Each structure stands twice: as C-alpha cells, then as structure tokens.
1. So, in the range 40-67, of the ones that are modelled with pLDDT under 95 and in contact with a helix residue (DSSP H, G or I) (Cβ under 6 Å, 6 or more places away or on another chain), which residue ends up farthest from residue 10 (Cα to Cα)?
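The values are calculated or read from the model by the stated rules, or taken from the named source; none is laboratory data. Owing to the predicted nature of the structure, the values given are computational and were not obtained by experimental measurement. Using ideal geometry, Cβ is built from the backbone for each residue, glycine included, and neighbour counts are taken over all protein chains shown.
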C-alpha cells in the first residue's frame, strides 16, 4: 500500500493534514473517533475549503473551539 496502511479492522493509519500526527481513521469502515466531534457549519465549510483528507480529533476539536 502507499503511505497509508489498511488493517483488518478497517482502520487506516494516516497523517493529519493539519498537524501531521499519525492517527487511526476508521471512516471507511463507518466507525471513526471523529464521528463523535460535533462540528459547527462554519467549521465544516472551512474544512471543505482548506483540506481534502482527514484531520485528527485533536485538530477538529481545536478548530471547533477557535472558528
């Protein structure tokens, strides 16, 4: 595989596009930690505009607090 690794659980290890931290993304398997983060419409718009892949939960929560 390329820079991401897909495990048997459906978790993909990938870098956060904002901070670079490697984290486990389970979005493709419909169970990711980020699903628990409630984002405001403003944050959703910003994410769509500025990023084309996942961010870690810490970055999502920080953007939610500061946007």
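1. By that ranking, first place goes to 67.
Results for (1) crowded, with 17+ Cβ neighbours inside 10 Å; (2) in a loop (DSSP other than H, G, I, E, B); (3) on the phi > 0 side of the Ramachandran plot, shown as yes or no for each residue.
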position	(1), (2), (3)
10	no, yes, yes
17	no, yes, no
20	no, yes, yes
28	no, no, no
34	yes, no, no
42	no, no, no
53	no, yes, no
59	yes, no, no
